[in-house]
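Chemist: Could you have a look at this structure, given as structure tokens, before my questions?
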Amino acid sequence: MIIAFIDESGSPDPGEDAPFAITALLTRESGAIRSIHLLNNIRKSFNIDLNVELHTADIVHGKKAFSFIRDFRTRKAIVDEMFNALLDINPLGVSVVVRKRRAEGSKRYVRTEIKKTAFRYLIERAVIAFNKIRSGDEMFLAIIDETTYREDRLVMEAVEREITEGMYLSSWAVSKFAIPRPLFMSSKDSPMLQLADLASYIIYKQKSGKPVSSNIDFSSYYREIELKILDKCKDRRMEGCGLKEISI
């Protein structure tokens, strides 16, 4: 089975200049299992409780469970090790960046539409990537961080529809290999979702034009993560399907 672990960074709220980024990391079960060991080793190395989620923004800014780490160099070292874990697992990544330049309507409506649009493009690209790396009868499953979707049933339903009725997926022979309902789960319970959060945060920082945060320069990470993103699908309908930037 090939699993797409999906998480986001940035805010989909209207009126904010910063973009909204959402990323899928595709790997097999072996990669997901390895992520458990790698991230637990990081926790042990930095005396972090094994139950603590390695949430990138909290690490970078020294918030919540990481407020006791005052030295930014130590926090950067944690991010470095997480990034090394990402490179070690070597997933295939696809990402969508939404710029909210023309968004109009109520805050809730715009937020929902931005997320639905981002997911539509992301699922299309994730399935294309899956089709390129799958072997035999391997299945496709999307696992999505539920944190911001727990109370947004409209977005959850839109994601489910995209997998079963999407304009590309529904007409492809590969659709029979897609598990129709994505799995929504807490990123705290999934090391791969925590790495997807890291990847989204790196892309978000780079595309916001402010790659430096709390003395940590994310542009160097971004240069390497570009190599993990499928640049061209060689499909006329889906140019640039690895990293798609859109404006709403």
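Chemist: Among Val96, Val79, Leu39, which residue has its Cα furthest toward the positive end of the charge dipole of region 18-143, with +1 on Lys/Arg Cβ and -1 on Asp/Glu Cβ?
Modeler: Checking the options against the dipole of region 18-143, the answer is Val96.
Chemist: Distances over 22 Å make up what percent of all Cα-Cα pairs in region 29-163?
Modeler: Here the long-distance tail beyond 22 Å is 55 percent of all Cα pairs in region 29-163.
Chemist: Check each of the chymotrypsin sites (Phe, Trp or Tyr not before Pro) in region 51-133 and keep only those in coil by DSSP with at most 12 other C-beta atoms within 10 angstrom; list them in order.
Modeler: Of the chymotrypsin sites (Phe, Trp or Tyr not before Pro), the ones in loops of region 51-133 whose Cβ has at most 12 other Cβ atoms within 10 Å are Phe68.
Chemist: Among Lys64/Lys115; Lys205/Lys244; Lys63/Lys205; Lys188/Lys210; Lys132/Lys188, which pairs are too far apart, with a Cα-Cα distance over 23 Å?
Modeler: Lys64/Lys115; Lys188/Lys210; Lys132/Lys188
Chemist: Using a Förster distance of 35 angstrom, determine the FRET efficiency expected from the C-beta separation of Ser186 and Ser214, and round it to 0.05.
Modeler: Rounded to the nearest 0.05, the efficiency is 0.90.
Any read-out appearing in this document is the output of simple, stated calculations on the displayed coordinates, not a laboratory observation. From a predicted model like this one, the values you see are computed outputs, not experimental measurements. Cβ atoms come from the backbone with ideal geometry, glycine included; neighbour counts cover every protein chain shown.
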